[in-house]
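K.L.:
Would you mind keeping the following structure in view while I ask a few things?
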Amino acid sequence: MQGCPFSPLIASAIMKVWCDFVFVDQNLDGCVYLDDRTFWTKANAANDAVQVAKQRSDTFDACFNLECQISKCSVAARDPGLVHRFSPNDLGYGETSTDLKVLGLEYHLDQSNPVELAQYDVALASKRLQLIRWAVSARYARCALIAKLITPLFNWASGLAKLDETKLHELRQSVLWVFGPHFAQDFPACIALELLGWKQDPQFATVWASLQRAIRYHSHPPVWLHHCGRDFASKTWQQVLPQAAGAVEQCGWNISADGSTIQRLDSHGQHRSFQLGVDNPVILFEWLRNVFRTNELKKCKRVQRSLHRQGEGAERCARGQLLPGPPPGLCLFQGRNYLFRNDHDRSIQHACLATGASFWFFNVGARLAADHPRRKCICGGSTPSRPHLVWECPATLHLRAQIGRPSHRAEERLFAKVCLEMPAPPPEDNGDIMENFIQTLTTCMDESSTPLPLATDGSTTRSQVAAWGVYLPTADQHFTGGIAGEDQSPFRAEVVAIVQTLQGLSHACRARPHLARKKHVILISDCQSALALCNDCIGSTPLLARQVQQLIRQLQSAVAKLEFLWIPSHGKLVKDTLFTSVFTEAELRKWNDVIDKAVRSKASEKAAGSNREAWWNQACVDKDWEMKVIRTVAAAHVRYQSYLMSL
């Protein structure tokens, strides 16, 4: 019955009977989605296996009074030689081909890249984009609508199938058009996509969705996988999601044999690795964004081609310097990102997008005579370019007094610094910290009935170098250490602090099991997200969550009671919160404050003098420089506009 919540369940039950009745041959397999049925033969199947299965399926349909719509049925074969084996009369499904359309996907069985979207509607996407542009004017609202109404049209089967690159590029131009025709035509894509957000780019969104699906498949396999055959269930995500594996390869990265790790060699020559389901997906997102930043900078015509006016009469043109192209690297555009979102002055907005402040901007479409006054620059040169007005024109010299001279075309035309990616974090280098912690914790396993408190904390510096720590009030000692791996987020630091504490507690329990069984252990943390991970929440790092939860289950049988307690950080007051503990709130806050200061000190110590800290400091300098240049460009824009209005 349509609309009844039991309908899918009843349909599944009936189709389960269909599967058991039709797939009696071990060399035959298939799948069902509601009333869509697909079956196929394996390598060792008999020549008439398909016909026999079709006959049994027809018998089943007759028994249940089901009608099969022949117009929606088809037969496909991988080997072109098998295409002619079945005549239209054999199965009644029409001509056999090497292509098969199932549930919105088209499988090309004779090709190495066999799956593509079969029902992507270009007209529907274009119409929706048009309506989005008409319906709302705020950029954030348009971005939200694109994410809901456009992205799913081409991303619903990410990892398995995608649009071809030509269609994705056309869709990118259509998306940029939503924010104004200039976004799609005049602005460099590397700037437009950075300011709008890379998720607005269909090409980026497709790759990122594929990688997200790979992470989910590896770390949290779908429930239906248990109902599949061993051959399929044993496949890694690289085999199940070929587009995701291809995306990794296109980025120049490598995948470990078991699919657990994505590895690469960064621009500093350092080996980096990302553990699927363990590291925060934000890490992989940043890697991918840096790949696209680098590629878009390479494709930007403004900086990769000279475009410097030369030839007869060029000396009379108001032009910029003849500078080299940018060095290898990427642009972060941090300064313009800040100004674009916080300063809505029109000249600032134009400067952020690297537009305005040129003869062509103010005279677009005009056909001016060679001696027309509007063709002259403030300094008397002809048809002034943006680089000239910003960097060379004597009339704007006072505006650029504090920004120096550009050294390459990215600084001159994009008003951006080029840098390498953020280096890897400093090594863990924890020495004997865990051994000393275990020894001290073991001595705290005494005959006393007093609960054993353990205050944990994690901290991350602004340059993304993290540290963890644990404080034992009973011994009045704290232990701190660094964190290995790419994930140096505050959340990971908090989780590592809990994991290290639980591992130390596990060793202490094995050393004094008879005393441990009498102990009430209270683990104190100021991170609710980390505590949620301890309480059967998987979050975005399912494998990390399982490691923590497995440790907890082991310890729950080793101690009398294992309790987790949250305390607000940094002396924050939380309304209507009652702290129920054998310890006072003042004691809990004091212990949290002790370990908080110790961990922050450790993180700062590890960051000091590291490549990552040096990179961060330089990025801050570049951001300040970029903001000064953007404001200078805006001022030059206003100065030239005033000059033209005075003519």
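The values are calculated or read from the model by the stated rules, or taken from the named source; none is laboratory data. Predicted model, so just to flag it, every value in this text is computed and none were measured. Cβ placement follows ideal geometry from the backbone for every residue including glycine, while neighbour counts extend to all protein chains displayed. Each accessible area value is taken on the protein alone, full model and side chains, heavy atoms only, with ligands, DNA and RNA left out. Shrake-Rupley method; radii C 1.70, N 1.55, O 1.52, S 1.80 Å.
K.L.:
Which FRET efficiency value, to the nearest 0.05, do you get for Cys73 and Lys299 by plugging their Cβ-Cβ distance into 1/(1 + (r/R0)^6) with R0 = 56 Å?
P.N.:
0.80
K.L.:
Here's another thing I want to ask about it. Three principal axis extents, largest first, for the C-alpha atoms of segment 344-419, in Å?
P.N.:
43, 26, 22
K.L.:
Something else now. What is the diffusion coefficient of the chain in µm²/s, taking the Kirkwood radius over Cα pairs and the Stokes-Einstein relation at 25 °C with a viscosity of 0.890 mPa s?
P.N.:
D, rounded to a whole number, is 82 µm²/s.
K.L.:
Determine, from the Cβ-Cβ distance of Cys419 and Lys235 and an R0 of 30 Å, the FRET efficiency 1/(1 + (r/R0)^6), rounded to the nearest 0.05.
P.N.:
Details: r = 40 Å, r/R0 = 1.33.
The calculated FRET efficiency here is 0.15.
K.L.:
Next question, about the same structure. How much mean residue ellipticity at 222 nm does the chain get from its helices, if each DSSP H run of length 4 or more adds -39500 (n - 2.57) and you divide by all residues, to the nearest 500 deg cm²/dmol?
P.N.:
After summing the helix terms and dividing by residue count, I get -13500 deg cm²/dmol.
K.L.:
Further question on the same structure: Between Glu435 and Asp258, what length in nm is gained on full extension when 0.36 nm per residue of separation is reduced by their alpha carbon distance?
P.N.:
Numbers: separation 177, 0.36 × 177 = 63.72 nm, distance 3.21 nm.
Additional length available on full extension: 60.5 nm.
K.L.:
Cα convex hull of segment 223-266: how many Å³ per residue?
P.N.:
Measuring per residue, one finds 76 Å³ for the Cα hull of segment 223-266.
K.L.:
How much of the DSSP bridge set in the chain is antiparallel, in percent, rounded to the nearest 5?
P.N.:
Working: 34 of 47 bridges.
Percent antiparallel among DSSP bridges in the chain is about 70.
K.L.:
Also, I was wondering about something else. Among the lysines, which have Cα under 23 Å from the Cα of Lys518 when same-chain residues fewer than 8 positions away are ignored?
P.N.:
Lys561
K.L.:
Also, I was wondering about something else. For segment 1-49, what does the relative contact order come out to in percent, with C-alpha contacts under 8 Å and a separation of six or more?
P.N.:
Over segment 1-49, the number comes to 28 percent.
K.L.:
In this model, which of Lys162/Lys298; Lys162/Lys199; Lys127/Lys299; Lys101/Lys162 are farther than 18 Å apart at the alpha-carbon?
P.N.:
Checking Cα-Cα distances, Lys162/Lys298; Lys127/Lys299 exceed 18 Å.
K.L.:
Counting only C-alpha contacts under 8 Å and six or more residues apart, can you give the relative contact order of segment 339-391 as a whole percent?
P.N.:
Computed over segment 339-391, the figure is 30 percent.
K.L.:
Using protein chains only and a probe of 1.4 angstrom, how many square angstrom of Val364 are accessible, to the nearest 10?
P.N.:
Looks like 120 Å² after rounding.
K.L.:
Whole number in Å², please: accessible area per residue of segment 480-585, 1.4 Å probe, ligands, DNA and RNA not counted.
P.N.:
Spelled out: the 1.4 Å probe surface of segment 480-585, per residue, equals 47 Å².
K.L.:
While we're here: Over segment 7-66, what percent of the accessible surface lies on carbon and sulfur atoms, probe 1.4 Å?
P.N.:
Answer for segment 7-66: carbon and sulfur cover 56 percent of the accessible area.
K.L.:
Rounded to the nearest whole Å³, what is the per residue volume of the convex hull around the Cα atoms of segment 455-505?
P.N.:
Spelled out: Cα convex hull of segment 455-505, divided by residues, is 67 Å³.
K.L.:
Bin width 5 Å, alpha-carbon pairs only: give the P(r) of segment 577-647 as whole percents, running from 0 to the bin holding the largest distance.
P.N.:
Taking every Cα pair in segment 577-647, the percentages come to 3, 12, 10, 9, 9, 8, 9, 8, 9, 7, 6, 5, 4, 2, 1, 0, 0.
K.L.:
With the Cα gyration tensor of segment 311-387 giving a ≥ b ≥ c as the square roots of its eigenvalues, does the rule (a/c under 1.5 for rounded; else a/b larger than b/c for prolate; else oblate) give rounded, prolate or oblate? Walk me through the numbers on the way to the answer.
P.N.:
Details: a/c = 3.19, a/b = 1.50, b/c = 2.13.
Oblate.
K.L.:
A further question on this structure: Tally up the carbon and sulfur contribution to the accessible surface of segment 458-520 as a whole percent, 1.4 Å probe, everything protein left in place.
P.N.:
49
K.L.:
A further question on this structure: What net charge do the residues around Leu588 carry, taking every other residue with its C-beta under 15 Å from that of Leu588, with Lys and Arg at +1 and Asp and Glu at -1?
P.N.:
-4
K.L.:
Any idea what the relative contact order of the chain is, in percent, if you count C-alpha pairs under 8 Å spaced at least 6 apart?
P.N.:
Relative contact order for the chain comes out at 11 percent.
K.L.:
Calculate, in whole percent, how much of the Cα-Cα pair population of segment 169-283 lies beyond 25 Å.
P.N.:
Taking all Cα-Cα pairs of segment 169-283, the fraction more than 25 Å apart is 39 percent.
K.L.:
Output wanted: per-residue J couplings in Hz (rounded whole) for segment 359-376, from phi through Karplus 6.51 cos²θ - 1.76 cosθ + 1.60, θ = phi - 60°, x for Gly and Pro.
P.N.:
Per-residue couplings from phi come out as 4, 6, 5, 7, 10, 4, x, 7, 10, 9, 5, 4, 9, 5, x, 6, 7, 8 Hz.
K.L.:
Also, I was wondering about something else. Applying a 10 Å radius around every beta-carbon, put 374-383, 222-231, 253-262 in order of their mean neighbour count, most first.
P.N.:
My ranking of the peptides, most packed first, is 374-383, 253-262, 222-231.
K.L.:
Next question. Around Val22, with a cut-off of 13 angstrom between Cβ atoms, what is the net charge of the other residues, counting Lys and Arg +1 and Asp and Glu -1?
P.N.:
Summing Lys/Arg as +1 and Asp/Glu as -1 gives -1.
K.L.:
Can you give me the long-range amide H partners of Ser382? Hydrogens built in the peptide plane at 1.01 Å from N, cutoff under 5 Å, separation of 5 or more residues or another chain.
P.N.:
Residues meeting the amide H criterion: Cys317, Ala318, Cys377.
K.L.:
Net charge within 13 Å of Ala516 by Cβ-Cβ distance, Lys/Arg positive one each and Asp/Glu negative one each, not counting Ala516 itself?
P.N.:
Numbers: positive: Arg510, Arg512, Arg517, Lys518, Lys519, Lys561; negative: Asp446, Glu447.
Value of the local net charge: +4.
K.L.:
List the residue ranges in the chain for DSSP H helices whose C-alpha atoms run 30 angstrom or more along the long axis and whose Kyte-Doolittle average is 0.0 or above.
P.N.:
For the chain, where a helix must reach 30 Å along its axis and average at least 0.0, the hits are 490-511.
K.L.:
What is the log10 of I(q)/I(0) for segment 259-372, computed with the Debye formula using one identical point scatterer on each Cα and no solvent, at q = 0.18, 0.23 Å⁻¹?
P.N.:
Per q value, in the given order, log10 I(q)/I(0) is -1.15, -1.35.
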